[in-house]
1. Could you give me the residue pairs with C-beta distances under 9 Å whose first residue belongs to the stretch 84-102 and is in contact (Cβ under 8 Å) with a residue 24 or more places away in the chain and among the hydroxyl-bearing types (Ser, Thr, Tyr), whose second residue is part of a helix (DSSP H, G or I) and surrounded by fewer than 17 Cβ atoms within 10 Å (Cβ to Cβ) wherever it lies, and which are 6+ apart or on separate chains?
2. Anything in the stretch 85-110 that is surrounded by fewer than 18 Cβ atoms within 10 Å (Cβ to Cβ) and touching a Ser or Thr at 6+ places or on another chain (Cβ under 6 Å)? List them, or say none.
3. Quick one: which helices (runs of 4 or more DSSP H) lie wholly within the stretch 28-142 and hold at least 1 residues that are over 27 Å from residue 13 (Cβ atoms)?
4. Name the residues in the stretch 1-30 that are at pLDDT 95 or above and more than 20 Å from residue 133 (Cα to Cα), would you?
5. Tally the residues that are surrounded by 14 or more Cβ atoms within 10 Å (Cβ to Cβ) and under 18 Å from the mean Cα position of the chain (by Cα), restricting the search to the stretch 23-57.
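The values are calculated or read from the model by the stated rules, or taken from the named source; none is laboratory data. Only a predicted model underlies this, so the values are computations on that prediction, with no experimental measurement involved. Note: ideal-geometry Cβ built from the backbone for every residue, glycine included; neighbour counts use all protein chains shown.
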Amino acid sequence: MSKITLPKWFNTIVFIALLWNLIGLYFFFSDLNMSPEDFAQKPAAEKELLNNIPLWSTLAYVLGVFGGTIGCIGLLIKKAWSMMALLISLVAVTAQMGYWLFFTTAVEVYGPTSYGMPLIVIIIAYLLFRLANNGIKKGYLT
């Protein structure tokens, strides 16, 4: 049996993706710990938007950032279970971002440029899931 060689770019891409997800965790905890003073300084439309986020969307946020982070750690240690964590993250961020863009007033509050970051988040989550899936198929995730 021959030894399967990991692509040279793999660890670099996964490390960058882990940093991306750690930044997501930072923003999650920043949102969670927003002081009443900081919230009071936001415009009225943004306050209303933030006050009406349903619990399921917040839970999707949690699953998205924690799933992505755990999945990237799994990729770094070459574990096949990382694919499931990244699938959970992908489904969660798609649900959360889809809700945010299409069922709230986010676009009216933040403008049309608010489509950018949610689409980037979904695309990165998808690419990480594909990376794990391909890693399993090619045998470098076990």
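1. 94/126; 99/56
2. 99, 107 - these are the residues of the stretch 85-110 that are surrounded by fewer than 18 Cβ atoms within 10 Å (Cβ to Cβ) and touching a Ser or Thr at 6+ places or on another chain (Cβ under 6 Å).
3. By residue number, 36-40, 44-51, 55-76, 82-102, 106-110.
4. Listed by number, the residues that qualify are 19, 22, 23, 24, 25, 26, 27, 28, 29, 30.
5. The number of residues fulfilling the criteria is 5.
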